[in-house]
Amino acid sequence: YYGACFMMFEISTLFLNIHNTLEDLELQEAILYYINATALVSSFFFARIVYGTILSINVWRELANSTIPISPLAVSFVRLANITLMSLSYYWFSVIIMTAKRNALDADLIRALDEMDKHQVKTE
């Protein structure tokens, strides 16, 4: 059951592949690029961070309260795999947010420089 649920994490991969394709085609200024970036961040956040955290809590709860005898080694493996997966999700989400902030700041800087160039042209 949980294996299929955790596969929902991969919904964001669709938007990541589109993002990479748009970059390869040098379409970073296209509206589709920005729409896709928003979809990528949103799907990553909701599928991996929100849904993944809830799912992880449920897995840990079921492992702790299981009436079926489960090997302690198997329980340890599942918990370690879950910690690894969720740690990577949180790490990559922080990278995505930092990149989005940097891109927004770069765009603001470019706009400011363009305004300065326009102002210089008017004064000359």
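Structure values in brief
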| read-out | value |
| --- | --- |
| Per residue solvent-accessible surface (Å²) - the chain, probe of 1.4 Å | 74 Å² |
| The chain, relative contact order in percent, only Cα pairs under 8 angstrom and at least six apart counted | 25 percent |
| Gained length - Ile83 relative to Ile31, 0.36 nm times residue gap less alpha-carbon distance | 15.0 nm |
| Degrees separating the helix 11-24 axis from the principal Cα axis of the chain, which is the longest one | 30 degrees |
| Computed Kirkwood radius, in angstrom, where 1/r is averaged over Cα pairs of the stretch 1-114 | 16.4 Å |
| Choice from Ser42, Ser94, Ser66 with maximal GNM fluctuation in the chain (Cα, 10 Å cutoff) | Ser66 |
| Charge tally in the Cβ shell below 14 Å around Leu55, where Lys, Arg are +1 and Asp, Glu are -1, Leu55 excluded | +1 |
| GNM result for the chain, Cα springs below 10 Å: residue of Leu105, Leu88, Leu40 fluctuating most strongly | Leu105 |
| Label-zone membership for the stretch 1-40, site Ile70, 7 angstrom Cα→C-beta point, backbone N under 17 Å | 1-7 |
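The values are calculated or read from the model by the stated rules, or taken from the named source; none is laboratory data. Worth saying up front: this structure is predicted, and the values here are computed from it rather than measured. Glycine also receives a Cβ, built like all others from the backbone with ideal geometry; neighbour counts cover every protein chain displayed. Ligands, DNA and RNA are stripped out before the accessible areas are found, and what is left, the full protein with its side chains, is counted by its heavy atoms. Shrake-Rupley method; radii C 1.70, N 1.55, O 1.52, S 1.80 Å.
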